[in-house]
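The values are calculated or read from the model by the stated rules, or taken from the named source; none is laboratory data. Note that this is a predicted model, so its numbers are computed, not measured. Positions of Cβ are generated from backbone atoms using ideal geometry, with glycine treated the same way; all protein chains shown enter the neighbour counts. The protein model used for the area step is the full one, side chains on, heavy atoms only, and it has no ligands, DNA or RNA in it. Shrake-Rupley method; radii C 1.70, N 1.55, O 1.52, S 1.80 Å.
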Amino acid sequence: MNTLKGFGACVVLAAIAYAVTLVTNTDQLMLGATAVIVLLSLIGYAASVRRKRRDYRVAGD
């Protein structure tokens with residue numbers, strides 16, 4: 001199964017490289033990618049805070 005994970009990562013990187021060659025305005029592509037990364041990071045952080053609060057509540061602290 002690990003070999004399939006590595007293959008999947010290679011496919012994703014190849015798809016990104018191919019998509020970059022099709023885009024004429026790389027500045028907009030980088031802006032969009034940055035916005036998506038920031039948004040996913042914020043969602044992950046919010047989920048982490050909610051989980052931590054729930055864990056404290058369940059533990060009785």
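What to note about this one:
- THR24, sole failed condition from (1) hydroxyl-bearing (Ser, Thr, Tyr); (2) part of a loop (DSSP other than H, G, I, E, B); (3) under 18 Å from the mean Cα position of the chain (by Cα): (3)
- Selection count where residues are open to solvent by less than 70 Å² (accessible area, probe 1.4 Å) and among the hydroxyl-bearing types (Ser, Thr, Tyr), scope segment 1-12: 0
- For segment 13-61, the candidate set comprises residues that are of a type in the set (Phe, Trp, Tyr) and surrounded by 10 or more Cβ atoms within 10 Å (Cβ to Cβ); within that set, the residue that is modelled with the highest pLDDT is TYR45.
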